[in-house]
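Contents: one structure, followed by commentary.
The values are calculated or read from the model by the stated rules, or taken from the named source; none is laboratory data. This is a predicted model, so every value here is computed, not measured. As a convention, Cβ positions derive from the backbone with ideal geometry for all residues, glycine included, and neighbour counts pool all protein chains shown. For accessibility, only protein heavy atoms count, side chains too; no ligands or nucleic acids. Shrake-Rupley method; radii C 1.70, N 1.55, O 1.52, S 1.80 Å.
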Amino acid sequence: MEGSLFSPALEGLKVVKSEEGKVLTKPFLDICRSLLPVLDNFGGAFSFVKSDIGGNISRLESKYQTDPSEYKFLFSLVQKEVEAKTEKASSSCTNGLLWLSRSMDFTVQMFNNLHEHQDWTMQRACSDSYNKTLRQWHGWLAISSFSVAMKLVPERKKFMEIISGTGNLESDMEEFCTSFSSVLVENHKFLASVGMDSAKA
């Protein structure tokens, strides 16, 4: 792998905002998609997580492709639905962005844990991340599924070797967590402004 697993995401983060500082739809979705391979390294236990993330990316991308100029900015996907009062539908782009952002919160927190706590196991890094991000929004069934998945995560050393490639993994991981988390904070602020940041599963 040329560079680390984070190299494509870091390239995307350079162009994720317009000159006016607005989050652009396609670069944001490309960054999220570039992280899907990391979930392959968790084996079948995390297949439902990867499926959920992939589904939300596809939902937002399908809408974007109907009119790339109209939906150039990420939040325009939500604004149209708010105007039409369809943002609360389970199949809405608003709901898709909400859950995609939450899944990315989990991913960023997990990598942040691995970077800051060199002595933590993968299981601890993942469990701590889940408890800080997704757990509060999940029902008992999803919580149960995650608790099983946590027990099947790979060993830390092996996982880090796989994602490091030829890049400077620790430096890339820190830069990714810092840069992408600020984008996710913007997403949540916007979703909160339209009353859609506290929906539960």
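Computed values, structure above
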{"item": "Rounded to 10°, Cα long-axis angle of helix 25-34 versus longest principal axis of the chain", "result": "20"}
{"item": "Trypsin sites (Lys or Arg not before Pro) within segment 113-201: DSSP coil, no more than 12 neighbouring Cβ in 10 Å", "result": "Lys151, Lys200"}
{"item": "Accessible area of segment 1-77 divided out per residue, in Å², using a probe of 1.4 angstrom", "result": "47"}
{"item": "Alpha-carbon centroids, segment 117-193 and segment 20-46: separation in whole Å", "result": "13"}
{"item": "Lysines with Cα under 21 Å of Lys63, excluding same-chain neighbours fewer than 8 positions away", "result": "Lys17, Lys22, Lys26, Lys50, Lys72, Lys80, Lys85, Lys88"}
{"item": "Net charge of neighbours whose Cβ lies under 13 Å from the Cβ of Asn131, counting Lys and Arg as +1 and Asp and Glu as -1", "result": "+1"}
{"item": "Within segment 25-131, GluC sites (Glu not before Pro) in DSSP loop having at most 10 other beta-carbon neighbours inside 10 Å", "result": "none"}
{"item": "Helix axis angle, 47-66 relative to the chain longest principal axis, alpha carbon, degrees", "result": "30"}
{"item": "Largest to smallest accessible area among Val194, Val185 [probe 1.4 Å]", "result": "Val185, Val194"}
{"item": "Residue-count net charge about Asp40 - beta-carbon cut-off 14 Å; Lys, Arg +1, Asp, Glu -1", "result": "+3"}
{"item": "Distant-in-sequence amide H partners of Lys17 (H built 1.01 Å from N, under 5 Å)", "result": "Leu24"}
{"item": "Relative packing of 42-52, 12-22, which averages over residues the other C-beta atoms within 10 Å, highest first", "result": "42-52, 12-22"}
{"item": "Sum of side-chain charges, Lys50 neighbourhood, beta-carbon under 12 Å (Lys, Arg +1; Asp, Glu -1)", "result": "-1"}
{"item": "Label selected from (1) 39; (2) 33; (3) 50, the criterion being percent of Cα pairs over 24 Å apart as computed here", "result": "(1)"}
{"item": "Fraction of accessible area attributable to carbon and sulfur, the chain (%, probe 1.4 Å)", "result": "52"}
